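Worksheet: one structure, shown below.
The values are calculated or read from the model by the stated rules, or taken from the named source; none is laboratory data. Because the structure is predicted, anything quoted here is derived from the model rather than measured. In this analysis, Cβ positions are derived from the backbone assuming ideal geometry, glycine residues included, and neighbour counts consider all displayed protein chains. We work out accessible area using only protein heavy atoms, side chains counted, and drop any ligands, DNA or RNA first. Shrake-Rupley method; radii C 1.70, N 1.55, O 1.52, S 1.80 Å.
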Amino acid sequence: PAAAMTGVLTKTFLLGVATFALLHTGAEGSEMCSCFYIRSEWEGNYDADFSVQSTIRFKGITCELTFDSPVDSLNYWQGSVEMVDSTHFILTNEIYSAEPGDDIEFGIEVHYSGATQPVITGVILNGDDVCDGVGDWSTPQPMENPCAETGMTPYDYSQVLCMSYVFYEAQRSGKLPADQRVTWRGDSALDDGSDVGHDLTGGYYDAGDHVKFGFPMAYTATVLAWGLIDFAKGHQTANQVEYGQAAVKWATDYFLKAHTAHFEFYGQVGEGNADHAYWGRPEEMTMARPSYKIDSSAPGSDLAAETAAALAAASIVFKEVDSAYASQMLTVAEELYAFADEDRDVYSNSITDAASFYKSWSGYGDELCWGALWLYRATGDEAYLEKARAAWDEFSLGTDAVQFAWDDKRAGCYALFTLLQPDTAEYKNSLESFLDYILNEAPYTPQGMVFLDTWGANRHAANVAFIALWAAEYGNTDHTATYREFAETQINILLGDSGHSFVVGYGVNPPQRPHHRSSSCPWPPADCTDGWAQQQPGPNPHVLFGALVGGPSEDGTYSDDRNDYVHNEVACDYNAAFTGALAALVELH
């Protein structure tokens, strides 16, 4: 039982221990831990009371006790007792809960037959040593970068690829796994979906906040899977295949949960404005987190088709790894695509809270094409190719794309059509016309970064770099060298060619104050909610390794300002194509 509880809570539990004047000593002068005091004693027995103060919200207690001499038995009426041996006992109470500032109190009765009274000399509560209440145990050690340098030049694309997947671990919602590398995160939002009677735990927090926006999350999963599929060699060289699969699966597991009935899908958990008003860690959230869905009476073609694309792409990733899981995803993908196609509307008309944050300005036509292409690639079913062609024609998708992002998938459609229909010049022409615009007509910063949007400019540069690298590899183009040179230039600017890195924890003068609530919160976490964490001028207490920040203004200026969510926020979609581009560059170096 102790091992089951220790992992995550060791990283998150912080206690202030009450001090008691009454101390007891054992046979060799051992002092009773100050978190216990003996309330009453009689021959061969004593009652002891435990008290500490919690500084975080938690549920469940595992308390490991060490005595300096043998104990015959121990009673703990509020839970269960496991006797490991005569000097080690484990107390468990799965329902005990506390809020910051609450006193954690319980009593025990100790029975012994030796000549001396056994003294409690060690107390580990939920993984933390609380015997004396002082020491380094109360503050987690700074997390080291789990991604080693590889010596790759001019930048360590392999290391940054590893770090990008670490960032996704920092964004995880739900119950964290034992192999979680981001040690300052803990379980969170374990009641998601309870308002509608479904388990909607898991998935990713969108950005520096804690809403689970399904539309950009689905785009993120699709593009991460795309990178794993088409730049598999780069992932293999960097030893990142399994981490990439885990990043995709964290999203797709959630999507499968969110598909709760035929033509019913939950596309958001958390209300945007209420969530954004809270500056704190997700582990301590207490606000309501409503669940929002699309169904036949309130459809969302863009959301359903993008999720279908994500599940179809992921089925390719897992086909040789877990065929049953791949098949399950493909079945749901096909139903969601049918839902998207048959009941048409933009999802923000149904999940109205999303309209202020992730409205699909491009409409749903690009997702209908994109989703059908991924389903065709995954199944080989010609009916999906015909669906993609129909959407291409109906929505005039072959022209006017000026970016590739969570909203607009047209450039992605150009690429997939070029791969899947190599004999049709129209698609290749659209892909090359798009890249010609990016290379020759789009605006650039003075440092040479293509500038496609004020909000999250770095993300857009990385996205088109990925498309260019993909076109160079798979587009049967005469511009291979040009596309690769452009893409490497863009990624190198993000990694340091502008004079500093835009990736947290990497390179020269990287961002230290990303707009990201969880990493900005110090210990104890209670200090986070008083405004200090958002306003203090120093670096975030936790390094958000691998996160790509928003980026500069068009004039090239950038400030590492925690409160500047336009230029210094991070987001799951920011890193998606960036990750694939890094894998492509690993292949080239």
Requiring at least 3 residues that are buried (at least 16 other Cβ atoms within 10 Å of the Cβ) and free of Cβ contacts under 8 Å to residues at least 40 places away in the same chain, the helices (runs of 4 or more DSSP H) wholly within the stretch 374-461 are 382-394, 425-440
Of all the residues that make up the stretch 108-145, how many are open to solvent by less than 20 Å² (accessible area, probe 1.4 Å), modelled with pLDDT of 90 or more and either on the phi > 0 side of the Ramachandran plot or not in a loop (DSSP other than H, G, I, E, B) (or both)? 5
Just one of the numbered conditions (1) open to solvent by 20 Å² or more (accessible area, probe 1.4 Å); (2) farther than 17 Å from Leu469 by Cβ; (3) at pLDDT 95 or above is not true of Thr529; which one? (3)
Scan of the stretch 225-244 for residues that are within 19 Å of Leu176 (Cβ to Cβ), buried (at least 20 other Cβ atoms within 10 Å of the Cβ) and not hydroxyl-bearing (Ser, Thr, Tyr), ordered by number: Gly244
Filtering the stretch 474-510 down to residues that are among the small types (Gly, Ala, Ser), part of a loop (DSSP other than H, G, I, E, B) and under 14 Å from Leu548 (Cβ atoms), which residue is least open to solvent (accessible area, probe 1.4 Å)? Ser501
Those residues that are in contact with a Gly (Cβ under 6 Å, 6 or more places away or on another chain), under 30 Å from Ser97 (Cα atoms) and at pLDDT 95 or above, I need them from the stretch 257-291; list them, please. Gln268, Arg289, Ser291
Is there any pair linking a residue in the stretch 317-330 that is buried (at least 18 other Cβ atoms within 10 Å of the Cβ) to one that is part of a loop (DSSP other than H, G, I, E, B), with Cβ under 7 Å and at least six apart or on different chains, and which? Ala326/Lys319
Between residues in the stretch 539-562 that are within 14 Å of Trp455 (Cβ to Cβ) and residues that are open to solvent by less than 40 Å² (accessible area, probe 1.4 Å) and among the acidic types (Asp, Glu), which pairs lie under 6 Å by C-beta distance while being six or more apart or on different chains? Gly550/Glu569
Kindly indicate which of Arg185, Arg181 is over 15 Å from Gln268 (Cα atoms), buried (at least 22 other Cβ atoms within 10 Å of the Cβ) and not hydrophobic (A, V, I, L, M, F, W, C). Arg185
Among (1) open to solvent by 10 Å² or more (accessible area, probe 1.4 Å); (2) part of a helix (DSSP H, G or I) - the single one Phe466 does not satisfy: (1)
Within the stretch 185-212, which residues are modelled with pLDDT of 95 or more, in a loop (DSSP other than H, G, I, E, B) and among the small types (Gly, Ala, Ser)? Ala189, Gly193, Gly197, Gly202, Gly203, Ala207, Gly208
Would you mind listing the helices (runs of 4 or more DSSP H) fully within the stretch 278-369 where at least 2 residues are closer than 22 Å to Tyr384 by Cα? 301-318, 323-342
Would you confirm whether or not the stretch 284-302 contains a residue that is buried (at least 23 other Cβ atoms within 10 Å of the Cβ), touching a strand residue (DSSP E or B) at 6+ places or on another chain (Cβ under 8 Å) and over 19 Å from Thr201 (Cα atoms)? yes
Name the residue that is modelled with the lowest pLDDT, counting only residues in the stretch 511-526 that are assigned to a loop (DSSP other than H, G, I, E, B) and either open to solvent by 30 Å² or more (accessible area, probe 1.4 Å) or touching a Phe, Trp or Tyr at 6+ places or on another chain (Cβ under 6 Å) (or both). Pro524
Out of the residues in the stretch 146-173 that are assigned to a helix (DSSP H, G or I) and aliphatic (A, V, I, L, M), state the one that is nearest to His235 (Cα to Cα). Leu161
